Amino acid sequence: MVCDVSRGKGLDYSAFQLIDVTSMTYKQVAVIRNKEVTPVDYAEVIFRTAKAYNNAYVMIEINDIGEQVSHELNFTFGYENIMYTENAGRSGKKVTGGFGGCGASVDKGIRTTKIVKAIGCSVLKLLVEQNQLILYDEFSINELKTFSKKSNSYEAETGNHDDLVMCLVLFGWLSTQDYFKEQTDI
């Protein structure tokens, strides 16, 4: 499950994509997209959904208010399957077991950097074009239709949203990680 967090004030959406990774081809199995849910309530939604889906691993985007959701999920709900990341030099970030080492700064979630986003966008494009990621949700598909290149990056076209797409972008990045490959054995 890859989660994007908003402030719950009706502007952007808090969203998540739950992807079945038990076999290749990956399949979208659940989606949430809500403008009104508060970060604290969103942590509970993530917890209940992740528990219902075999204690799914959860990757939370923590650039802004997401760190609060990650904290709530871990400390209030005691959820253990949160994915951690740490800096990986020129490679940007890497998924870890969360233990850190040699002074490494470990995050309970992912901070979306330019490198992470660039890799994620490229891999997402390949997964979709090669039918290796099957999307069923109409909102996700519509967001992809308005996710366009702007300067050296990609984002929603004016008047549109990209919260569900950014979850898929982070999933694309995640699928390149050694930790992901070890967990899925694909």
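A few points about this structure:
- Failed item, numbered, when LYS125 is tested on (1) under 16 Å from the mean Cα position of the chain (by Cα); (2) modelled with pLDDT of 95 or more; (3) open to solvent by less than 90 Å² (accessible area, probe 1.4 Å): (3)
- Any hit, region 97-114, residues being of a type outside the set (S, T, N, Q), loosely packed, with under 13 Cβ neighbours inside 10 Å and under 21 Å from ILE46 (Cα atoms): yes
- GLU86 meets each of the listed conditions (1) in contact with a strand residue (DSSP E or B) (Cβ under 8 Å, 6 or more places away or on another chain); (2) more than 20 Å from ASP4 (Cβ to Cβ); (3) in a helix (DSSP H, G or I) apart from (3).
- Criterion violated by GLU155 - all others in (1) part of a strand (DSSP E or B); (2) touching a residue at least 24 places away in the same chain (Cβ under 8 Å) satisfied: (2)
- Leading residue by the ranking (least open to solvent (accessible area, probe 1.4 Å)) among those in region 131-148 that are among the charged types (D, E, K, R) and within 15 Å of PHE16 (Cα to Cα): GLU143
- Looking across region 24-49 at every residue that is hydroxyl-bearing (Ser, Thr, Tyr) and in contact (Cβ under 8 Å) with a residue 60 or more places away in the chain, the one that is surrounded by the fewest Cβ atoms within 10 Å (Cβ to Cβ) is identified as THR25.
- Among (1) free of Cβ contacts under 8 Å to residues at least 60 places away in the same chain; (2) over 15 Å from the mean Cα position of the chain (by Cα) - the single one THR85 does not satisfy: (2)
- Qualifying residue in region 67-85 (condition: of a type in the set (D, E, K, R) and buried (at least 19 other Cβ atoms within 10 Å of the Cβ)): yes
- ILE119 open to solvent by less than 70 Å² (accessible area, probe 1.4 Å), outside any loop (DSSP other than H, G, I, E, B), of a type in the set (A, V, I, L, M, F, W, C) and more than 16 Å from LEU164 (Cβ to Cβ): yes
- For region 160-168, the criterion of being in contact (Cβ under 8 Å) with a residue 12 or more places away in the chain, surrounded by 14 or more Cβ atoms within 10 Å (Cβ to Cβ), of a type in the set (A, V, I, L, M) and farther than 16 Å from MET1 by Cβ is satisfied by no residue at all.
- Evaluation of ASN63 against (1) surrounded by 18 or more Cβ atoms within 10 Å (Cβ to Cβ); (2) within 16 Å of VAL5 (Cβ to Cβ) (one fails), failing number: (1)
The values are calculated or read from the model by the stated rules, or taken from the named source; none is laboratory data. Because the structure is a prediction, the values reported are computed rather than measured. Don't worry about glycine lacking a Cβ; one is built from the backbone with ideal geometry, like all the others, and counts go over all protein chains shown. Surface accessibility is based on the protein's heavy atoms, side chains included, excluding ligands, DNA and RNA. Shrake-Rupley method; radii C 1.70, N 1.55, O 1.52, S 1.80 Å.
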